[in-house]
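No lab work stands behind these numbers, since they all come straight from the coordinates. All figures in this text were calculated on a predicted structure; none of them were measured in a lab. Note: ideal-geometry Cβ built from the backbone for every residue, glycine included; neighbour counts use all protein chains shown.
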Amino acid sequence: MQVYIAILRGINVSGHKLIKMEALKKSLEKLLFTSIRTYIQSGNIVFSSKEKDIKKIEQNISKIILDDFNFEVPCKVVTKEKLIKVLNHNPFNKDHSKDPSFMYLTFLSDIPSNLDLSIFLERRLEGEEIVFYEDVVYLYCPKSYGNTKLSNSFIEQKSKLTATTRNLKTCHALVGLAELD
């Protein structure tokens, strides 16, 4: 059994696409996932599965949500090992002047191609930093994520990929949950 982390985009935000975590867990059990745990109400799930094809898992989760809750929800799935690698690769880790509470990770549906980085660099507010690594975008937003112009929607639009963003604290908490298996 492999431990996976699913990160859903856009559920339980501003009263839209509401899913109770207990109902979500019951839906995921239909996919034969085990050890299902959720973290906060915004679509963070840790589970185990015999399935090895991550794209198939993502599709199955999106389909069961559509079937059971009647709306589409993009889903990004990573292994526990992949999330640990992503956290260890964080380019802001070694700069102790950066407050971790202003660090965010945007998970992309794929590795971007033909990306014009200047579009992102020009959009930064003072003090902000953005780094692309494989299918992850590292953001440092010292004036808060709510104020940045490097929003999830902007990254999706310019990369032409689906994306979902989490703060650093949530990512570490998901690894902690994943390590319980």
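Take every Cα pair under 8 Å whose residues are at least 6 apart in sequence, average their separation, divide by the length of region 98-147, and the relative contact order is 49 percent.
Here is the tail figure for region 2-82: Cα pairs spaced more than 22 Å apart come to 13 percent of all pairs. Restricting the calculation to Cα atoms, every distinct pair contributes to the Kirkwood radius of the chain, found to be 16.9 Å. Region 31-63 and region 132-181 have their alpha-carbon centroids 19 Å apart. Working from Cα pairs under 8 Å separated by at least six residues, relative contact order for region 62-181 is 30 percent. Across region 2-82, C-alpha contacts under 8 Å between residues 6 or more apart give a mean separation that, scaled by the residue count, equals a relative contact order of 42 percent.
In this label model, S144 and L117 are separated by 3.0 nm, measuring between points 7 Å along each Cα→Cβ vector. Counting lysine pairs in region 89-168 that sit 8 or more residues apart in sequence, or on different chains, and whose Cα atoms lie under 24 Å apart gives 6. Computed over the chain, the per-residue total of -39500 (n - 2.57) for DSSP H runs of n ≥ 4 gives a 222 nm mean residue ellipticity of -9500 deg cm²/dmol, rounded to 500. Pairwise Cα separations in region 89-168 fall into 5 Å bins from 0 onward with the following percentages, short to long: 3, 16, 30, 27, 17, 6, 1. Phi angles across region 146-157 convert, under the Karplus curve 6.51 cos²θ - 1.76 cosθ + 1.60 with θ = phi - 60°, into 3J(HN,Hα) values of x, 9, 5, 8, 8, 6, 4, 4, 5, 4, 4, 4 Hz, Gly and Pro given as x.
The peptide list 146-152, 105-111, put in order of mean Cβ contacts within 10 Å with the highest first, becomes 105-111, 146-152.
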